[in-house]
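**Student:** Below is the structure I would like to discuss, written out as structure tokens.
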Amino acid sequence: MLFFDLMKGMAEIDRMKKAYELQIKKAMKVGITEALRQVTISTPVDTGRARWGWYLSVKVPSTEVPPEGKYKSPQIAEKLQAVNENFTVKDTLYLTNNVPYIKRLNSGSSKQAPAHFAERSAEIAQQAVYRWLKQPNTFAEAAKEFGTDVRARKGAVKLSQGKKRS
């Protein structure tokens, strides 16, 4: 029946869409995690306030500012909890720092870090996402989770060593 086949095809498309969205969400998480990690270790330290001042948020930039004082190294895992799974592929993830002197630090006012360390951190995070996306079968593996095999129908994808990918 034509109608049934069309509905079956639409269900297949929906499953594939979910699989791709899952992988895009994972790529977003890889990017924001690496950006936070890079910018945190790149931020110059005197009291630790600027390093502690990086906040993650979903949909709107954070307005948080850590109060003045001495800070230990921030726990990146704790900071990541702010976005954990609370976002969709349509959301914007923000990494902000509202410490009043962060722009001066990023302009190179400290000898501890080069100018534009924040931009460099973003570039490194982008490269991490590209590397992650280029992994063999990144999308095919996610599709399997939803019962959709997006690999070529005529055979298994082969690794360069000639072994079948499971």
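Read the figures in this text as sums done on the coordinates, not as results from a lab. This is a predicted model, so every value here is computed, not measured. Backbone-built Cβ (ideal geometry, glycine too); neighbour counts: all protein chains shown.
**Student:** Given the convex hull of the Cα atoms of region 1-135, what is a quarter of its surface area in nm²? All intermediate terms of the calculation are to be shown ahead of the outcome.
**Tutor:** Numbers: hull surface 40.0 nm².
In nm², the orientation-averaged hull projection of region 1-135 is 10.0.
**Student:** As an exercise, identify the trypsin sites (Lys or Arg not before Pro) in region 33-81 lying in DSSP coil whose Cβ has no more than 14 other Cβ atoms within 10 Å.
**Tutor:** Lys59, Lys70, Lys72
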